[in-house]
Every structure is written in C-alpha cells, then in structure tokens.
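The values are calculated or read from the model by the stated rules, or taken from the named source; none is laboratory data. Computed from a prediction, not measured in an experiment: that's the story for all the values here. Virtual Cβ from ideal backbone geometry, glycine too; neighbours counted across all protein chains shown. Protein only, heavy atoms only, side chains kept; ligands, DNA and RNA dropped before computing areas. Shrake-Rupley method; radii C 1.70, N 1.55, O 1.52, S 1.80 Å.
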Amino acid sequence: MADILNSLIEIMGERGVSNNPEEIWFYGRDPGVLPPSPPDFVVAPKTTEQVQKVVQMANREKIPIVPMGNGMSLTGLVIPLKGGIVMDMKRMDRILEVNEKARYAVVEGGTSQGMLKAYLQDNYPHLRHSLPHAPPVTTIAANVSLHGQGRLTHQYGFNSDMVSGLEVVLPTGDICKIGSPSLGPYWFSKGPTLPDLSGLFLGWLGTTGIFTKVGLKLYPNKKMRDVELFVTDRVELVSDIIYKLTHLEMLEDITAWFQPKPLIFKDNYHINIYFTGDTEEEIEFKRKMVWDTLQEYIDAKDGGFMGVEYMKPGLLEMPGRGVAAFADVPRGGGFEYSGPITLIEHFPQYAAKVVEMAAKYDVIYASAARIISGGHSMMFSISFAFNRADQAMMDRVKSALDESTEFALEMGGIPWKPNHMEQKMTMKKMDPNTLKLLQMVKKNLDPQGIMNPGNWDLAQ
Ligand SMILES: Cc1cc2nc3c(=O)[nH]c(=O)nc-3n(C[C@H](O)[C@H](O)[C@H](O)COP(=O)(O)OP(=O)(O)OC[C@H]3O[C@@H](n4cnc5c(N)ncnc54)[C@H](O)[C@@H]3O)c2cc1C
C-alpha cells in the first residue's frame, strides 16, 4: 500500500492524492440507500496525462479504479465496491471550445452542468444544452455515462444521444478519440458515418473507460419559454393525452406526474407541457395548438388546464428544484428513484405499482414520467423519500425500489442507472447471446477488470 501511495504521489503530487480517513469516509458513500464501502485512495487529476498514468499503474497492479463526477447518481455507482482508487474528476473542469455555428461544446471530463450553463448564458445566450434536474454541481461526463436525460430529451433523445465526440482513457491507459475528433480537430459527430464506437462507453457507468473530454451538442435557446399544466383524474387517459401532444411535434418537454402531497395534487395526474418561442406570436400559436389538441378531454369533462401563474417560476426553473424539495417531505432529506425506460402506454400499470409499493412499504412517493424522443418511450421515475436518520425507513425504501425494478423488468422495461444488484437482475433477464457479447466487449476493453468493478460485473 505504501508503494502504491508513493507511485500515486509521484504522478499526482502531494495535493492530488489522499488516504486520509476523513476523505476515505466521504468518498465511500453516496446520498442513496446503499451501504458505504471505503476506497483505499482518492485522486483528483488535473490533466489527461495524470488520468492515463494512474490508470496504467492501476492496470499493472490490478487495483480497482472508480471514476467519479459529483457522486450524485444516487444508486451507488461511485461507491467503490471493491476498494481501490476513486478518481474524482472535478478538477478537470475546463470548457475547451464552443463552436457556435456547428452548435457544439467540448468540455473536460469533470465539467459541471452549472459551469457550462453559466458559460453559455454569459457568452452564447442563444445556445443551450440539455440540463438534467440534477444539482448543477453534477458533471456532464458522468451524466452521459449513465444515459442521463434533461430538458431537451423530449426533442433529441437521451443526453448521451447528444454527445458529439469523446476522448477516453481506456482501462489499459491508451487514450482514444471517438467520432469526428479521431479524424481532425472538429467535434461534430460521435459516430456516423464511422462505426459508432461511442456505444462501447456511453451507458457503461465508467466500467470501460474514463472520459477526459466530451463533445456535446448545443441547441437554440429561444427567447421565451412557457408551460401549461393539464390535469385529469383518469389515469387510463394519460398515455393517450401524451400521444396527442407528441403528435404536435412542437413541444420542448412533456412530463406527467402524480403525488399524494400536498393534498391539492392527490388523486390527479398532471401533465406539464413546455414550449418555447422567439416571439409572443410563436408562443401563443403553440399554446393554441396545445389547447385545441386537448379540448376533447375538456368537452368530455375528463380534465382541464390548471391555472399555474403562482407555480410558474418553479415549473420553469432549470434545473427544477421540486425533486429536492420532495426529499424533505418526511424530513431528513433523502430520496432515491428507480427510473425504468418503458413504453408510454404502460403509464397506468406503473402508476398503480407505485401506489401499491408505497402502501406496502409505508413510504412516501412521487412519480414523474419524462417523454423521450418525441414519444418512443418514457423514463418513469418511481421516487421514494426517506429520513436519513431512520435506517428502518431507508431499508423499506430499498425494498420498494428492488420490487419496482423487478416489476419494470417483468413489464419489458429497461432499468435506468441501475445499482449493482439491479444490473445483476437485468443481466439475468437478458438474452444469453447479448450477455455474451457484453462479456466479450468488457473482457477485451478491461482485461484486468479494474474499472468500477462490481458494476456491470460480467465476469460471473
Ligand atoms: C435532485 C436530483 C435530481 C436529479 N435529476 C436528474 C435528471 O433530471 N436527469 C438525470 O439524468 N439525472 C438526474 N439525477 C441523477 C444524477 O444526479 C445525474 O444523472 C448526474 O448527472 C450524475 O452526475 P454526477 O457527476 O453526480 O455522477 P456520479 O454519481 O459521480 O457518476 C455517475 C456514473 O458516471 C461514472 N463517471 C463519472 N465520471 C466519469 C467520467 N469522467 N468518465 C467515465 N465515467 C464517469 C461513474 O463511475 C458512475 O458510474 C438527479 C439526482 C438528484 C439528486
């Protein structure tokens, strides 16, 4: 251990590495419900070369290495299940380039969502990226590594679909560029028309390499945004309402949510409909299209628009803070969610399951489905809040989440940012030849099994 510490200090300098108990304690846990597991060392690189050298050393010595952004993914993805090194990427936070006309940015592997948002606001206010509702300190590289979703996911797909190039340090230490940057200085495409190698890394939760640079597509930031809130008490109509709204092909984002508290929301299903425009005329035209589309439900007395003037600032906030506020409903500020990707037509079954789980495990729920890629699927979040000081409540939330994942798999859904146990459940259900293919990829990329071991554990 002393030799390894010395090697790390040689690469990182004294200030870039630690095995102090305070740090080890901190880096061994995340804000979700899974138990902690301490690393042996924490490193915080500033350069790609440092990342490379640490990885080369870890590969040589067969030491686990866990890339970490801000550790807010909630499902234990940066808890070092097998000890070793946590690599905190936050000091690699430079915004390297914005190509205004080609609408992309290139950022380092620890750049936070908030930093890019602020930089664009200050320098390119007509451009934006797909912000998740996660706290602004969370990182862009981590988000695409777990196929995150954000405000523009309804229009353009997962945030990982918006990647426009990658620089990856492979588990062997080789530095590899993916997409157009492998051919020249431009970062406009991660794949087409080359074979799309980004799939070897995106969604792998840091188990096949460490992103040191990410190219990210930017999109027009229209001058105005607005929101309408449609409410129905008939859950069986929600999928149909969403289908009609997606058919308009003009909305920024659609989320459908329900929660029992405060009482004003109980027993109703709420659909937030976001739209943008550069002029009042564009906004009012879109509003009218939304109203006209949903008029039939109003005529049938199946729903109506809710006045949202007083809620608008909160609804339009980016990132929204509603989720974090929910975490404090039982006091003690904890929440965790399972968010399977699934068909929109399954909304009623998922909604019934959430209510069933909350009653069975005596926990508080809130659910919000975000529509992906114009309606091909949704991320259905099954969120439970808990008091961090109440271990029994945390255990009940964990059981409820496990059961929700089993249900999602039974329903043909795909777990999102699954914890290591949910990954095992997923691999068990998977077509055996697909699993074999995953095993081949992982074995070839990471022959020593050092990258975030315990996650996508394909060696079994
Ligand atoms: C209140 C709240 C709201 C949220 N809302 C959303 C939301 O709307 N949309 C959404 O997508 N998520 C959401 N999340 C979940 C999560 O916070 C985000 O997905 C966030 O992007 C995770 O970033 P992080 O830096 O904290 O990731 P971490 O937890 O640090 O890492 C996540 C994964 O990425 C890997 N990783 C980290 N850095 C790298 C790298 N440089 N190279 C390779 N792999 C790496 C890690 O090993 C890990 O597997 C929310 C979380 C909270 C607490």
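Check segment 59-80 and report whether any residue there is within 12 Å of residue 11 (Cβ to Cβ) and either open to solvent by 40 Å² or more (accessible area, probe 1.4 Å) or acidic (Asp, Glu) (or both).
Just the residues of segment 59-80 that are within 12 Å of residue 11 (Cβ to Cβ), to begin with: none.
Among the residues of segment 59-80, not one is within 12 Å of residue 11 (Cβ to Cβ) and either open to solvent by 40 Å² or more (accessible area, probe 1.4 Å) or acidic (Asp, Glu) (or both), which makes the answer no.
Output the number of residues of segment 285-314 satisfying the condition of being surrounded by 12 or more Cβ atoms within 10 Å (Cβ to Cβ), among the charged types (D, E, K, R) and within 33 Å of the chain's Cα centre (by Cα). Outline the logic, then answer.
Going through segment 285-314, the residues surrounded by 12 or more Cβ atoms within 10 Å (Cβ to Cβ) turn out to be 285-287, 289-291, 293-294, 296-298, 302-306, 308, 311-312, 314.
With among the charged types (D, E, K, R) added as a condition, the list becomes 286-287, 296, 302, 312.
In the following step, the residues that additionally are within 33 Å of the chain's Cα centre (by Cα) were identified as 286-287, 312.
Qualifying residue count for the region: 3.
In segment 154-187, which residues are within 8 Å of the ligand (Cβ to nearest atom) and either open to solvent by 50 Å² or more (accessible area, probe 1.4 Å) or not in a strand (DSSP E or B) (or both)? Give the steps one after another, and end with the answer.
Quick first cut of segment 154-187, residues within 8 Å of the ligand (Cβ to nearest atom) only: 159, 168.
Across segment 154-187, the qualifying residue is only 159.
If a residue has to be surrounded by 17 or more Cβ atoms within 10 Å (Cβ to Cβ), closer than 22 Å to residue 112 by Cα and more than 10 Å from the ligand (Cβ to nearest atom) to count, how many in segment 188-202 make the cut?
3
Quick test for you: out of 66, 55, pick the one residue that is in a strand (DSSP E or B), in contact with a strand residue (DSSP E or B) (Cβ under 7 Å, 6 or more places away or on another chain) and not basic (Lys, Arg).
Values: 55 fails: in a strand (DSSP E or B).
Testing whether each residue is in a strand (DSSP E or B), in contact with a strand residue (DSSP E or B) (Cβ under 7 Å, 6 or more places away or on another chain) and not basic (Lys, Arg) leaves just 66.
Under the condition of being part of a loop (DSSP other than H, G, I, E, B) and more than 16 Å from the ligand (Cβ to nearest atom), which residue from segment 120-147 is surrounded by the fewest Cβ atoms within 10 Å (Cβ to Cβ)? Outline the logic, then answer.
We begin by selecting, within segment 120-147, every residue part of a loop (DSSP other than H, G, I, E, B); these are 124-126, 129-138, 146-147.
From the residues that got through so far, the ones that are more than 16 Å from the ligand (Cβ to nearest atom) too are 124-126.
Numbers: 124: 15, 125: 10, 126: 14.
My answer is 125.
Condition check ((1) in contact with a Phe, Trp or Tyr (Cβ under 9 Å, 6 or more places away or on another chain); (2) within 30 Å of residue 448 (Cα to Cα); (3) modelled with pLDDT under 95) across all residues:
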| site | (1), (2), (3) |
| --- | --- |
| 202 | yes, yes, no |
| 215 | yes, yes, no |
| 230 | yes, no, no |
| 235 | yes, no, no |
| 271 | yes, no, no |
| 291 | yes, no, no |
| 300 | no, no, no |
| 304 | yes, no, no |
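Pairs only if they're at least six apart or on different chains, beta carbon under 6 angstrom, first in segment 436-458 and away from the ligand (no atom under 12 Å from the Cβ), second open to solvent by 40 Å² or more (accessible area, probe 1.4 Å) and not aliphatic (A, V, I, L, M); list them, first residue then second.
Taking only residues 6 or more apart or on different chains, the pairs are 448/62; 458/439.
Select from segment 340-381 the residues that are among the aromatic types (Phe, Trp, Tyr) and without any contact (Cβ under 8 Å) to a residue 60 or more places away in the chain and write down the one among them that is surrounded by the most Cβ atoms within 10 Å (Cβ to Cβ).
In the first step, residues of segment 340-381 are kept if they are among the aromatic types (Phe, Trp, Tyr); the result is 347, 350, 361, 365, 380.
When the remaining residues are screened for being without any contact (Cβ under 8 Å) to a residue 60 or more places away in the chain, the result is 361, 380.
Numbers: 361: 18, 380: 30.
Filtering first and then ranking leaves 380.
Those residues that are more than 22 Å from residue 388 (Cβ to Cβ) and among the hydrophobic types (A, V, I, L, M, F, W, C), I need them from segment 309-334; list them, please.
311, 315, 316, 318, listed by residue number.
Restricting the search to segment 89-107, which residues are open to solvent by less than 10 Å² (accessible area, probe 1.4 Å) and not β-branched (Val, Ile, Thr)? Lay out the reasoning, then the answer.
Filtering segment 89-107 for residues open to solvent by less than 10 Å² (accessible area, probe 1.4 Å) gives 89, 92, 104-107.
Passing the criteria: 89, 92, 104, 105.
Exactly one of (1) under 23 Å from the mean Cα position of the chain (by Cα); (2) over 20 Å from residue 139 (Cα atoms); (3) of a type outside the set (Asp, Glu) is unmet by residue 78. Its number?
Answer for residue 78: the failing condition is (2).
Quick check on residue 323: is it away from the ligand (no atom under 16 Å from the Cβ), in a helix (DSSP H, G or I), out of contact with any helix residue (DSSP H, G or I) (no Cβ under 9 Å at 6 or more places or on another chain) and open to solvent by 30 Å² or more (accessible area, probe 1.4 Å)?
So residue 323 fails the test.
Among the candidates 82, 101, 117, which residue alone is assigned to a helix (DSSP H, G or I), basic (Lys, Arg), more than 20 Å from residue 53 (Cα to Cα) and more than 8 Å from the ligand (Cβ to nearest atom)?
Working: 82 fails: assigned to a helix (DSSP H, G or I); 101 fails: assigned to a helix (DSSP H, G or I).
So the residue among 82, 101, 117 that is assigned to a helix (DSSP H, G or I), basic (Lys, Arg), more than 20 Å from residue 53 (Cα to Cα) and more than 8 Å from the ligand (Cβ to nearest atom) is 117.
Within segment 52-74, does at least one residue satisfy the condition of being modelled with pLDDT under 95 and polar (S, T, N, Q)?
Here is the first cut: in segment 52-74, the ones modelled with pLDDT under 95 are 72-74.
Next cut, polar (S, T, N, Q) only: 73.
Within segment 52-74, one or more residues are modelled with pLDDT under 95 and polar (S, T, N, Q).
What strands (runs of 3 or more DSSP E), lying completely within segment 205-284, carry at least 2 residues that are open to solvent by less than 20 Å² (accessible area, probe 1.4 Å) and within 16 Å of the ligand (Cβ to nearest atom)? Don't jump to the end; show me each part of the working.
Values: elements: 210-217, 224-232, 253-258, 269-277.
Hits in segment 205-284: 210-217, 253-258, 269-277.
State whether the residues of segment 29-36 include one that is buried (at least 18 other Cβ atoms within 10 Å of the Cβ) and over 24 Å from the mean Cα position of the chain (by Cα).
Checking segment 29-36: not a single residue is buried (at least 18 other Cβ atoms within 10 Å of the Cβ) and over 24 Å from the mean Cα position of the chain (by Cα).
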